[in-house]
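Below is one structure, written out as structure tokens; the observations come after it.
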Amino acid sequence: MTDQNMNILDHLDELRTRIMIVLGAFIVFFIGVFIFVRDIYEWFTKDLEMTLAVLGPLDIIIIYFTIAAVLALALTVPVLIFQIWLFVKPALTEKEKRATVIYVPASFILFAGGLAFGYFVVLPIVLNFLIDLGSGTFETMFTADKYFQFVLRMTLPFSILFEMPLVVMFLTSIGIISPEAMRKNRKYAYFALIVVSVLISPPDFISDVLVIIPLLLLYEISINMSKIVYRRKLKREKESTDKSGS
């Protein structure tokens with residue numbers, strides 16, 4: 001067996017180890033959350049002025065499993081990001097290691113921030129708006145399944161979209177994008193973000209606006225973060241050129 005084949009096998013073995021750690025963390029978190037899933041369910045529904053309905057006995061366990069799986073996945077995110085970093089770490093230089101290590105906690109903070117924004121800001125406003133819309137015309141009754149689908153739709157997309165500044169910083173650091181290119185393509189990016197906002201939000205104007213504004217702000221923040229990373233990148237390249245010239 002050649003050294004190249006052995007090297008590939010070592011990488012595959014390392015990848016399998018990382019995957020097993022992430023799966024193990026997910027299972028542990030799932031079991032931990034499921035033990036307290038009833039209390040978690042009551043916390044999620046404490047502000048509702050109605051009792052959620054189920055259409056069959058199996059719906060109860062499906063709802064509990066869904067809550068446990070989603071929360072376990074959210075808790076597994078930092079473990080996943082850390083394992084990815086450990087996997088690519090051997091191929092990085094010392095400077096790259098120091099530069100990328102901040103991405104691990106920052107990614108989790110942005111992920112949690114997106115979830116919090118969706119749950120505590122967007123969800124109550126959209127839910128109250130939709131309930132008021134049918135007030136006096138319809139008898140409002142939610143099934144647990146439909147309600148938690150709505151909660152996930154109002155939270156998970158934000159947890160992903162809030163990673164935008166971090167992704168932009170990373171892509172800038174490896175030279176794929178630049179702040180100037182982001183500024184030039186701002187109108188196309190705005191159009192894409194508006195389309196995404198309309199797709200992930202309920203079909204009403206208020207919901208669309210509540211989603212569009214934060215995403216556009218995130219894009220502008222991403223441009224500024226890209227500018228900072230780009231300047232540091234140019235400075236490092238200049239220092240490297242000066243050392244080579246001397």
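The values are calculated or read from the model by the stated rules, or taken from the named source; none is laboratory data. Fair warning: this is a prediction, and the values are worked out from it, not measured in the lab. A quick note on method: Cβ atoms are made from the backbone with ideal geometry, for glycine too, and the neighbour counts reach across all protein chains shown. Quick note on the areas: whole protein, heavy atoms, side chains included, nothing else; ligands and nucleic acids left out. Shrake-Rupley method; radii C 1.70, N 1.55, O 1.52, S 1.80 Å.
To keep it simple, each residue is scored yes or no on (1) over 28 Å from Thr100 (Cα atoms); (2) assigned to a helix (DSSP H, G or I).
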{"site": "Leu130", "(1), (2)": "yes, yes"}
{"site": "Met141", "(1), (2)": "yes, no"}
{"site": "Gln149", "(1), (2)": "yes, yes"}
{"site": "Phe158", "(1), (2)": "no, yes"}
{"site": "Phe170", "(1), (2)": "no, yes"}
{"site": "Arg183", "(1), (2)": "no, yes"}
{"site": "Ala189", "(1), (2)": "no, yes"}
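Of everything in the stretch 54-92 that's modelled with pLDDT under 90 and among the small types (Gly, Ala, Ser), which residue is nearest to Ser107 (Cα to Cα)?
Going through the qualifying residues, I end up with Ala74.
Which condition from (1) surrounded by 15 or more Cβ atoms within 10 Å (Cβ to Cβ); (2) without any contact (Cβ under 8 Å) to a residue 40 or more places away in the chain is the one that Val198 breaks?
That leaves (1) as the condition not met.
Does Ile213 fit the bill of being farther than 30 Å from Met50 by Cα, open to solvent by 30 Å² or more (accessible area, probe 1.4 Å) and under 22 Å from the mean Cα position of the chain (by Cα)?
Criteria met by Ile213.
Would you confirm whether or not the stretch 136-152 contains a residue that is over 30 Å from Leu55 (Cα atoms) and aliphatic (A, V, I, L, M)?
Within the stretch 136-152, none of the residues are over 30 Å from Leu55 (Cα atoms) and aliphatic (A, V, I, L, M).
So Met182 fits all but one of (1) under 24 Å from Val77 (Cα atoms); (2) over 19 Å from the mean Cα position of the chain (by Cα); (3) modelled with pLDDT of 85 or more; what number is the exception?
Failed condition: (1).
Return the only residue of Gly175, Gly136 being assigned to a loop (DSSP other than H, G, I, E, B) and open to solvent by 80 Å² or more (accessible area, probe 1.4 Å). Steps first, answer last, please.
Details: Gly175 fails: open to solvent by 80 Å² or more (accessible area, probe 1.4 Å).
Result: Gly136 is the single residue among Gly175, Gly136 that is assigned to a loop (DSSP other than H, G, I, E, B) and open to solvent by 80 Å² or more (accessible area, probe 1.4 Å).
Which of the residues belonging to the stretch 209-245 are among the hydroxyl-bearing types (Ser, Thr, Tyr) and modelled with pLDDT of 85 or more? Spell out the reasoning first.
So the first thing to find is which residues in the stretch 209-245 are among the hydroxyl-bearing types (Ser, Thr, Tyr), and the list is 219, 222, 226, 230, 240-241, 244.
Selection gives Tyr219, Ser222, Ser226, Tyr230.
Checking the conditions here, which among Val28, Val101 is among the β-branched types (Val, Ile, Thr), surrounded by fewer than 16 Cβ atoms within 10 Å (Cβ to Cβ) and either at pLDDT 90 or above or more than 24 Å from the chain's Cα centre (by Cα) (or both)?
Working: Val101 fails: either at pLDDT 90 or above or more than 24 Å from the chain's Cα centre (by Cα) (or both).
The unique qualifying residue is Val28.
Yes/no matrix, rows are residues, columns are (1) touching a residue at least 40 places away in the same chain (Cβ under 8 Å); (2) open to solvent by 100 Å² or more (accessible area, probe 1.4 Å):
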{"residue": "Asp13", "(1), (2)": "no, no"}
{"residue": "Arg16", "(1), (2)": "no, yes"}
{"residue": "Ile21", "(1), (2)": "yes, no"}
{"residue": "Leu52", "(1), (2)": "yes, no"}
{"residue": "Phe65", "(1), (2)": "no, no"}
{"residue": "Val79", "(1), (2)": "yes, no"}
{"residue": "Gln83", "(1), (2)": "yes, no"}
{"residue": "Ser107", "(1), (2)": "yes, no"}
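Quick one: in the stretch 144-156, which of the residues that are open to solvent by 30 Å² or more (accessible area, probe 1.4 Å) and touching a residue at least 12 places away in the same chain (Cβ under 8 Å) is nearest to the chain's Cα centre (by Cα)?
Here the residue is Leu156.
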